[in-house]
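Trainee: For reference, the structure I am asking about is given below.
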Amino acid sequence: MWRGFGGRVLLASVATLLLTAATPAGLVSTRGLVQRLGRAGRVTVAFRAVTRSEGGVRARRGTLALEPPDRVRIDFPALGERIALRSDGGEWLQPAARQMLTLTTQHVASTMGLWRLFLNPEEGLYAERRLTANRFRLGLAATETTLPESVTVTLAGTGLPSRIEFVSPAGDLETYEFGAWRFGPARGAAGFRLAAPRGYEVLPMP
């Protein structure tokens, strides 16, 4: 159960990572997204996630929404699954099981690691090295067990991330390909809280 959850919200970890460099002197690979999100208040993006493991290759599509300082939402339309994360907890709606799991602050803290680069400015977490004109490698510079040791970020011509690659704690190669990032005003906390439909069982995350 937990590994399934971790695989889905690992993307949330990546987004937080990319927003942690919100100062002008921050990471070049994240600066454009951080600054535009700071001005607008909200960003949404469609993504394609590919996991390569010993068991084969698995791909899935979803949408991501971010609002500073701590709000992350991931939707998987094909599955009907939704995940909402905040600093005070979150929810994971699972239509296939007709249930909704509630997440504690501990669950959120252990799965949002990389998204801190997007949402909570934190200098010194990663050291950046330019590989090509639009490709960067971020190496973990701080002692942080919930984050990948390195993340490769590719920027589109807009200066916003188009692709992110890293190895998950399970040893799988994770690749996220992003579409167009769409910015707008923040909609507030209500959009980052999920309610179980009638007939669903509500359970605490194990």
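Bear in mind that the values in this text are calculations on the coordinates, not laboratory data. Keep in mind that this is a model prediction, so the values were computed, not measured. Every residue, glycine as well, gets a Cβ built from its backbone with ideal geometry; the counts of neighbours run over all protein chains shown.
Trainee: If I stretch the segment between Asp88 and Ala133 completely, what's the gain in nm (0.36 nm per residue apart, minus their alpha carbon distance), one decimal? Walk me through the numbers on the way to the answer.
Mentor: Values: separation 45, 0.36 × 45 = 16.20 nm, distance 3.89 nm.
The Asp88-Ala133 span can extend by a further 12.3 nm.
Trainee: Please turn the phi angles of the range 70-83 into ³J(HN,Hα) values with the Karplus equation 6.51 cos²θ - 1.76 cosθ + 1.60 (θ = phi - 60°), one per residue in order, whole Hz, x for glycine and proline.
Mentor: 8, 9, 9, 9, 10, 10, 10, x, 5, 9, x, 6, 9, 10
Trainee: Let me ask something else about it. What's the Kirkwood radius of the range 124-206 in Å, using all Cα pairs? Let's see the in-between values first.
Mentor: On the way: mean 1/r = 0.0618 Å⁻¹.
Taking the inverse mean of 1/r over all distinct Cα pairs, the range 124-206 comes out at 16.2 Å.
Trainee: So, in nm, how far is label Leu140 from label Ser168 when the simple model puts each one 7 Å beyond its Cα toward the Cβ?
Mentor: 1.6
Trainee: Shifting gears a bit: Please give, to one decimal in nm, the separation of the simple spin-label points placed at Arg182 and Gln99, each 7 Å out from Cα toward the Cβ.
Mentor: Here the answer is 3.3 nm between the modelled labels.
Trainee: Sticking with this structure for a sec: Give me the Å³ per residue figure for the convex hull around the C-alpha atoms of the range 45-98. Could the numbers behind the result be given before it?
Mentor: Details: hull volume 5.9 nm³, N = 54.
Normalising the Cα hull of the range 45-98 by residue number yields 108 Å³.
Trainee: Oh, and also: Give the long-range amide H neighbours of Glu81: residues separated by 5 or more places, or on another chain, with amide H under 5 Å away, using H modelled in the peptide plane at 1.01 Å from N.
Mentor: Phe76
Trainee: Apply the Karplus curve 6.51 cos²θ - 1.76 cosθ + 1.60, θ = phi - 60°, to the phi angles in the range 27-37 and return the couplings in whole Hz, x for Gly and Pro.
Mentor: 5, 4, 5, 10, 4, x, 5, 4, 5, 5, 5
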